[in-house]
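Heads up, the thing below is written out as structure tokens.
Readers should treat all values here as calculations from the given coordinates under stated rules, not as data from a laboratory. Bear in mind that the values here come from a model prediction, so they are computed numbers and not experimental data. Using ideal geometry, Cβ is built from the backbone for each residue, glycine included, and neighbour counts are taken over all protein chains shown.
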2 protein chains.
Amino acid sequence: MKSFRTEIISVGTELLLGQIANTDAQDISSMLSEIGIDVYYHTVVGDNPDRLRSCIETAKNRADIIITTGGLGPTYDDLTKQIIANCFNLPLVENKSERKFLYDYITNVHSEISENNYQQSLLPEGSTVFHNLWGTAPGCAFRKEGKIIIMIPGPPREANNMFKTYALPYLASLSDNVIVSHEVRIFGTSESELDDLLRTDMSSMTNPTMAPYAKEADCFLRITAKADTKEKAEELIKPVLIDTVQKIGDTVYGIDVHNLETRVYQLLSEKQMTFSSAESCTGGDIARRFTDIPGASQLFLGGVITYTDDTKEKLLGISSELISEKSAVSEEVARQMAQKVRALTGSDIGVSVTGVAGPANDGLHEVGTVFTAISANDICKVIKLNLGKERNRAYIRRASGNFVFDMIRRYLTGLPIVNVFKNVDYLLYRDLLS
Amino acid sequence: MKSFRTEIISVGTELLLGQIANTDAQDISSMLSEIGIDVYYHTVVGDNPDRLRSCIETAKNRADIIITTGGLGPTYDDLTKQIIANCFNLPLVENKSERKFLYDYITNVHSEISENNYQQSLLPEGSTVFHNLWGTAPGCAFRKEGKIIIMIPGPPREANNMFKTYALPYLASLSDNVIVSHEVRIFGTSESELDDLLRTDMSSMTNPTMAPYAKEADCFLRITAKADTKEKAEELIKPVLIDTVQKIGDTVYGIDVHNLETRVYQLLSEKQMTFSSAESCTGGDIARRFTDIPGASQLFLGGVITYTDDTKEKLLGISSELISEKSAVSEEVARQMAQKVRALTGSDIGVSVTGVAGPANDGLHEVGTVFTAISANDICKVIKLNLGKERNRAYIRRASGNFVFDMIRRYLTGLPIVNVFKNVDYLLYRDLLS
């Protein structure tokens, strides 16, 4: 199979000013990766003829496929076609049917059409025209000097749709392999522990390949294979996937699952069980994350956010004496929060979080001290986390939420509910609710 | 003033696979544009030593400032420092204090530290170290061969914060004019309405300049001036700012305020008042957004998430007859939710949201139908929103939350509590709580 090195050049000063992110390059790369075409470079350059020309020349030297986005519109700073045509010694010629389309389209909305609009109907001689069904400027493709050149408008919706509709089928016909990838989602084994565990495997692998990625208190491994058919790529991945999951162990919470809350959603759905939450330092984030999932109302009955000592008493009925004696950030309060919200809502599972997210501490505990609890009809367990006093508020809230979702996962899959972090006290209750 | 040509090189195969957008380059470009430093190119390259080296060489030929993001982590494919040090003939040397930090940081959470973590403490000889307060890998900067090189980690939060904290002040000191900008934050006047209202002003302005930006159901105008001193730039902005705010009116909720919840935080602090929330379709997002602000516990007493009809009764005591009669998504239920959560928590203000966030509707209302209410000792007001059935779940939740925060703002500043969106029914109650 011939391998095509691809470069995506996005043209627009608004990108260099940081006014928008380059989602065109992202969308196009994502589509290309699915048909097994390798993107080697993204380049962003402003609406400047000399610099654009030099980027095109650089791309001619290092890529087989050059895809540009942007700079096809009607204004004076839309220069992409002119510069590319010039770099490949092609004249621009007017496309009659695009000219007619522009006239009809624009006069349908405005009383008259200004002459500069017709600039959009000029295309490099011999191009295949991509008629724009989502805006006005057509895109185009041509082959010359052993290169494939594709030009697509800049506005994200136009870029995405035009690429998918016209350019992708054209390029897919050139590629004779497919790429398949799977994600092993992990909570409780860090990116560097994964690297330690799997470095030998990863560095010697060529097909499939495997790489770890970390995201706030959560991480995943991506295993990617290339073959001529989807089935063959899956066959290449399968033994590696099985072996890797075995090596990592029960911190693997799913394959191709978007996040921990989605895994909990799946498990609750399977078992037809419900949960509720009592949150202090996470301030509603656990509920918010779960209810981001459409259909969550079947499984999440409700929750309370008891952000002060007083509301812990008023909303949950936790005695103020207990709070005075033990403090709001304590094993006992966490336990009662989980038990009481479960009883109040009538859910199968109740979870809770109380802790110090910072930046200030509560005078008793370091920032990062968090108690999480899970209560169900056969278990009530509290775990104390020390998430690290140098961590920031957002991290502590995020990690605490992940921890709570992981407790639910462990409970529902029959795994021991252990703290996957270090420096943790384990506290276990098995008292049935009265 | 010397002009610095800047290139941002982002390193990471995940960018070329389209798994994430290059928001690092966007954020950094946006910050650089504010201090008057011109970005000429963005480049994205994978974790491949030869291609990375060639991109660095290209950048050396066309830029004065080279900023890299990514590739500073502990794994075998993190190569940025090695390649750059090599391109500039500098050895990598271990930074003792970063080594100690890594040891402390990692062993605080995990039982042991794996050796590869220390790779992060190796930095090009003579670099200025940017200690990472948001993660583990330090960044750095050095000057050599007439170039300024800055390396920043890839994870967006780390990249954004590290650049802002360390690199930006350093680069600002090189620029001999100052750029000052202010943001007029607006809720309830759309970007295109702003464009209509201010187009004549905006298109003829050169210094200051003014541009509108929109973000999910919230928008702002940025007014930017350039001068040799901060004071002169402020003087240029002042009359434009005053005039613009007058033209827009009371949908302006603040100047240089990060978001609506921050404005509400300021107002509650000034007045020493508290609030509580009862959320249905927003699922805790209002509480979560407010408690993202450090110090929120002084002002937010707590809340309930009554995600089902049953929990509306159990947690808030709203009668199931009322819900059966009027439906959970109704004016009466919204009103009672706000009143009852206020009474339960003893807060000065109670707010509520109940609606259909989609994707499925409730059989009675279109997706996007949302009732929001505010209750205080002298007012109880419900507003019905039609956020549009073609909007997605995330937008409807976000916009509903913004609307609730704006109701609190309007109440606290003595403005009429009106619906700032179109197609809306106005419902007003002035019954005092029993």
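Couple of notes before you dig in:
- Taking a point 7 Å from the Cα of B:Gln246 along the Cα-to-Cβ direction, the residues of region B:192-212 with backbone N closer than 16 Å to it are B:198, B:201.
- Residues A:Phe88, A:Phe187 arranged by fewest to most Cβ contacts within 10 Å: A:Phe88, A:Phe187
- Taking a straight line from the alpha carbon of B:Lys314, these lysines sit under 18 Å away, with near neighbours fewer than eight places off in the same chain left out: A:Lys312, A:Lys314, A:Lys340, B:Lys326, B:Lys340.
- Shape descriptor for region B:135-204: Rg over Rh equals 1.17 (Cα atoms; Rh from the Kirkwood inverse mean 1/r).
- Ascending count of other beta-carbon atoms within 10 Å, so fewest first, for B:Tyr307, B:Tyr40: B:Tyr40, B:Tyr307
- Between A:Asp77 and A:Glu14, the modelled labels are 1.0 nm apart [label points 7 Å from Cα along Cα→Cβ].
- Principal-axis tilt of helix A:23-34 within chain A, Cα atoms, nearest 10 degrees: 90
- Relative to the other identical copies, B:Asn377 shows label-point distances of 4.8 nm, where the label point lies 7 Å from Cα along the Cβ direction and values run shortest first.
- Label positions at A:Ser324 and A:Arg199, each projected 7 Å from the Cα along the C-beta direction, are separated by 5.6 nm.
- Cross-link partners for A:Lys381 among the aspartates and glutamates, with Cα-Cα distance under 18 Å and sequence neighbours closer than 8 places in the same chain left out: A:Glu279, A:Glu331, A:Glu332, A:Asp348, A:Asp406, A:Asp425, A:Asp431.
- Folded to 0 to 90 degrees: helix B:191-204 orientation relative to chain B principal axis, Cα: 50
- Values of log10 I(q)/I(0) for region A:324-389 across q = 0.11, 0.13, 0.15, 0.18 Å⁻¹ run -0.26, -0.36, -0.46, -0.62, by the Debye formula with one identical scatterer at each alpha carbon and no solvent.
- Label spacing, shortest first and in nm, from B:Glu183 to its equivalents in the remaining copies (7 angstrom along Cα→Cβ): 2.8
- Spin-label model, A:Gln298/A:Arg62: points 7 Å from Cα along the beta carbon direction are separated by 5.0 nm.
- Bridging of A:Lys226 to lysines at a Cα separation below 24 Å is possible for A:Lys2, A:Lys147, A:Lys164, A:Lys238, A:Lys247, once same-chain residues fewer than 8 apart are set aside.
- Using only side-chain charges placed at the Cβ, +1 for Lys and Arg and -1 for Asp and Glu, the dipole size of region A:51-117 relative to its Cα centre rounds to 320 debye.
- Report summary: the helix-based calculation at 222 nm, which adds -39500 (n - 2.57) for every DSSP H run with n ≥ 4 and divides by the residues of chain B, gives -11500 deg cm²/dmol.
- Dipole magnitude (debye, nearest 20) for chain A, charges at Cβ of Lys, Arg, Asp, Glu: 400
- 4 °C / 1.567 mPa s Stokes-Einstein diffusion coefficient of chain A, Kirkwood radius on C-alpha pairs, µm²/s: 51
- Helix B:49-62 axis versus longest C-alpha principal axis of chain B: approximately 90°, rounded to the nearest ten.
- Shortest-first nm distances, A:Glu321 label point to equivalent points in other copies (7 Å, Cα→Cβ): 3.8
- Sorted by Cβ density within 10 Å, fewest first, the residues B:Arg5, A:Arg157: A:Arg157, B:Arg5
- Extreme residue, positive dipole direction of region B:282-405, given options B:Ala360, B:Val382, B:Ser400 (C-beta unit charges): B:Ser400
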